[in-house]
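A.B. asks: Before I ask anything, let me first share the structure, which is written out below as structure tokens.
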Amino acid sequence: MDPLAGLLAVLSGALVGLLLTVFGGGGSVLATPLLIYLVGVRDPHVAIGTSAAAVAVNALMGLSAQARAGRVKWPCAITFGLAGLAGSLTGAHLAKQMDGQALLAWFALAMALVGGSMLLPKRGEGDPAVRLNPRLVARLAPAGLVTGLAAGFFGIGGGFLIVPGLMAATGMTLAHAAASSLVSVTLFGAATSASYAASGLVNWPVFAALVAGGGAGALAGAPIARRLVSRAEVARRIFALMVITTAAYVAWRALGA
């Protein structure tokens, strides 16, 4: 990796880390397009495998903070995440068999869905004292499996699917679902990147640069997030439109190729 590509990778990680801190779910979906169109990673599979590894590390750091704050519903989160592990490995295996440009076209669709989900109204009500029981296990396991399959196939954290999935299956609050989703994001990202790494499809120097930049971006994003509290919904909608626009560009490039 030449110095310019290394610098661009650090800046890309910083941007993703900042967006994740300010807006929460959805920010990591920009990692793969940044690696391909800015950093210059030519193989879409390498870009997806590398970004999945970085997403897992960033999610783990976020999970640590949420766990200290006591927001993670561990039994529900672990049930959902373990059920999705097999799905994420299957999704990653299927994605590696696809042509790179075709995979990017599907990735663009996933980006558009992420952006669209961010435009939906958020509801914060729910049961803050939800507890795992056999009925919830029967709902969490299939939801986790399907979500893991999508996360592994597209090489994304999948938080935009995990959060509503946890809320629908358990009735927990948005705050608890967002915190608990990081368990699955970490597991899915680790499983996906491990599958790609086993095939030699992770660029480790770029991964290290992404993680380093992500940490700096997270620190820079914290004060911005506090300033945007009163305008969070407007800012989130602007970011969602940016994700959708990027999805259109990725699709145009992929289909044109």
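A.B. asks: So, in segment 218-253, of the ones that are modelled with pLDDT of 90 or more and farther than 16 Å from residue 31 by Cα, which residue ends up surrounded by the fewest Cβ atoms within 10 Å (Cβ to Cβ)?
C.D. replies: Among residues in segment 218-253 that are modelled with pLDDT of 90 or more and farther than 16 Å from residue 31 by Cα, the one surrounded by the fewest Cβ atoms within 10 Å (Cβ to Cβ) is 252.
A.B. asks: Looking at (1) at pLDDT 90 or above; (2) outside any loop (DSSP other than H, G, I, E, B); (3) of a type outside the set (Gly, Ala, Ser), which one does residue 63 not meet, given that it meets all the others?
C.D. replies: Of everything listed in (1) at pLDDT 90 or above; (2) outside any loop (DSSP other than H, G, I, E, B); (3) of a type outside the set (Gly, Ala, Ser), residue 63 misses just condition (1).
A.B. asks: Taking the conditions exactly as written (surrounded by 22 or more Cβ atoms within 10 Å (Cβ to Cβ) and modelled with pLDDT of 90 or more), does residue 104 satisfy them or not?
C.D. replies: Numbers: surrounded by 22 or more Cβ atoms within 10 Å (Cβ to Cβ): yes; modelled with pLDDT of 90 or more: yes.
Yes; evaluated as a whole, the condition is true for this residue.
A.B. asks: Could you say whether any residue in segment 173-185 is closer than 22 Å to residue 32 by Cα, modelled with pLDDT of 90 or more, crowded, with 23+ Cβ neighbours inside 10 Å and hydroxyl-bearing (Ser, Thr, Tyr)?
C.D. replies: Yes, that holds for at least one residue.
A.B. asks: For segment 137-166, how many residues meet the condition of being farther than 20 Å from residue 56 by Cα and crowded, with 24+ Cβ neighbours inside 10 Å?
C.D. replies: 1
A.B. asks: Could you say whether any residue in segment 60-78 is farther than 30 Å from residue 135 by Cα and either crowded, with 24+ Cβ neighbours inside 10 Å or aliphatic (A, V, I, L, M) (or both)?
C.D. replies: From segment 60-78, those farther than 30 Å from residue 135 by Cα are 61; that's our starting set.
Right, trim to either crowded, with 24+ Cβ neighbours inside 10 Å or aliphatic (A, V, I, L, M) (or both) and you get 61.
Taking every residue of segment 60-78 in turn, at least one turns out to be farther than 30 Å from residue 135 by Cα and either crowded, with 24+ Cβ neighbours inside 10 Å or aliphatic (A, V, I, L, M) (or both).
A.B. asks: Just give me the residues in segment 199-217 being of a type in the set (A, V, I, L, M) and either farther than 10 Å from residue 58 by Cβ or surrounded by fewer than 23 Cβ atoms within 10 Å (Cβ to Cβ) (or both), in sequence order. Steps first, answer last, please.
C.D. replies: So in segment 199-217, the residues of a type in the set (A, V, I, L, M) come out as 201-202, 206, 208-212, 216.
Scanning segment 199-217 gives 201, 202, 206, 208, 209, 211, 212, 216.
A.B. asks: Name, by its number, the condition in (1) touching a Ser or Thr at 6+ places or on another chain (Cβ under 6 Å); (2) free of Cβ contacts under 8 Å to residues at least 24 places away in the same chain that does not hold for residue 68.
C.D. replies: Exception for residue 68: condition (1).
The values are calculated or read from the model by the stated rules, or taken from the named source; none is laboratory data. Everything numeric here is computed off the predicted structure, so don't read it as measured data. In this analysis, Cβ positions are derived from the backbone assuming ideal geometry, glycine residues included, and neighbour counts consider all displayed protein chains.
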